[in-house]
Amino acid sequence: MRRFLVWLAAGALVGAATPAGLAAQGYGIYEHSACMMARAGTGVASSCGDGSAVFFNPAGILGSGKGVLSAGATVIMPRGGFTSDISGTTTDLKKLNFVIPHLYWTRDLGADYAVGFGVFAPYGLTTEWPTTFEGRFLGYRSKIQSIYLQPTFAARVSPTLTVGAGLDYSLVSVNLRQRADLYSTTLAPGVTGGNLGFQKGTDFADVDLEGDGNGIGFNVGVTWKAHPRVSVGARYLSQQNIYIDQADANITQIQTGLVLAAGNPLGLPAGTPVDAVVAPQFTGTGALVDQKGSTRLTFPDQFTVGATFTATEQLRVLADVQWVHWKKFETLALQFERLPQRIIQESYENSTGVRLGAEYDLGTRYMFRAGVLSHGAAAPDQTVTPNLPEGPRSEFTAGLGAQLTPTVHLDLAYQYIDQADRRGRTTDGGLAQPTAAVNNGLYTFNAHLVGATLTYKF
């Protein structure tokens, strides 16, 4: 039984730490402005007028005017599934929709300085499968929520060069739901549920792991007006280490209705209910009582460079290249009140994304935008699981900006994510050193996103 809880807790926190199903490499999110989203996230060299430069490049907040206040959200509609090699059965992700909000305020302080504040969520996810899914023993619900709060300052250091910086304080919460399999659980020394004749995939416990933490980092950027028609920019978002110190692991027994056969290795009478045999483990000093756990999550640093070319009075073309330091997420160390430390191998890989966008001025009131982007996967073949069925993606965007009144502007955007099919696993396969050889099926994924941002200038 002790072996079971080590595995259970390890799998739970791995799932909480490696979320998936959103709109960027790994568990990153880049859709924090409908204007930026419509042009495929390009704009590190030329910000939108909604204050979102607080996130995309702090140097870009300068020039916003006396004041800008904007608020909006992106609705993410992920769809996907897993097809088993053995059974040929396809299980779909639950059809859920998620709202990612953003809020910005900026203000010029004369001609050469500006301040701002932003609220956004650069990392996060929710992935949820039916409780009948064969991967439920790794996790059937994985959720991470992060909110960054960023006060920001920018200054003009020459007629063509502007710099900016912000301090990020993050609030993070994680939750994972997972089932436990009686088949692989040790009920007595040398005796598992499988030894007693029970089938693989027999649910006998449900774990609900939940915890929160916070972190501190920074966001810096620079823009350079290289030519009247050409702007260049760069931006660096620092790594954050998030400490989840007092996660609650609440474990509930699931009734199996099974009984022991005659001559069983436990030496108990035939017909003894299995539920009664394991019940003491859920109370008192049992191994399956509720307990605390802790770990450290890594939000990786990222670096983006870009350029904007003003082709005509109506047309601007933009290009960004984004690098994310996912290599930082190599292992996950787990500590619990009653259990020894466990090291889980993740072996993430650094990823690069290329973004191309354009916007065309349709007149005094409307702006049309479009873009395309592509990036590789952060998760290697051996760690593609129900918690992170992530892969290389191509994405397509379009949107419209409308000046509703002299002081009010509305931006709308649509984005489609087409992810390459990815082989992965639904079993632990040895959590300490997983290999691609344990992959037992195919994950598919796509998503539709819509965004809106309302901006008020005063």
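The values are calculated or read from the model by the stated rules, or taken from the named source; none is laboratory data. Quick caveat: nothing in here was measured; it's all calculated off a predicted structure. Here the Cβ positions follow ideal geometry from the backbone for every residue, glycine too, while neighbour counts run over all protein chains shown. The protein model used for the area step is the full one, side chains on, heavy atoms only, and it has no ligands, DNA or RNA in it. Shrake-Rupley method; radii C 1.70, N 1.55, O 1.52, S 1.80 Å.
Odds and ends about this structure:
- Region 81-126-region 364-398 distance, computed between alpha-carbon centres (Å): 12 Å
- Computed label-point distance, nm, for sites Ser347 and Leu167 using a 7 Å Cα→Cβ extension: 4.1 nm
- Region 102-144: proportion of alpha-carbon pairs further apart than 18 angstrom, %: 57 percent
- Note, ³J(HN,Hα) from phi for region 274-287, Karplus 6.51, -1.76, 1.60, rounded to Hz, x at Gly and Pro: 5, 4, 6, 5, 8, 3, x, 6, 9, 9, x, 9, x, 6
- Listed residue pairs exceeding 29 Å between alpha carbons, taken from Lys143/Lys327; Lys66/Lys143; Lys328/Lys457; Lys66/Lys328; Lys66/Lys225; Lys95/Lys200: Lys66/Lys143; Lys328/Lys457; Lys66/Lys328
- Rounded to 10°, Cα long-axis angle of helix 2-17 versus longest principal axis of the chain: 10 degrees
- In Hz, Karplus ³J(HN,Hα) per residue of region 244-256 (6.51, -1.76, 1.60; θ = phi - 60°; x = Gly, Pro): 9, 8, 9, 5, 9, 9, 9, 10, 10, 6, 10, 6, 9
- If you plug the beta carbon distance of Asp418 and Val305 into 1/(1 + (r/R0)^6) with R0 = 25 Å, you get a FRET efficiency near 0.50.
- Distance from the C-alpha centroid of region 247-319 to that of region 184-212: 14 Å, rounded to the whole angstrom.
- Remark: the Lys328-Tyr113 segment gains 73.9 nm on full extension, using 0.36 nm per residue and subtracting the alpha carbon distance.
- Inter-label distance, nm, simple model (7 Å from Cα along the C-beta direction), Leu362/Ala276: 7.3 nm
- Extension reserve of the Lys200-Leu268 stretch, reckoned as 0.36 nm per residue once the Cα distance is removed: 22.3 nm
- Accessible surface of region 42-201, 1.4 Å probe: 59 percent of it comes from carbon and sulfur atoms.
- Residue-wise HN-Hα coupling along region 153-159, computed from phi with Karplus coefficients 6.51, -1.76, 1.60 (Hz; x: Gly, Pro): 9, 9, 9, 8, 9, 7, x
- In Å, descending, principal axis extents of the Cα set of region 228-341: 88, 28, 20
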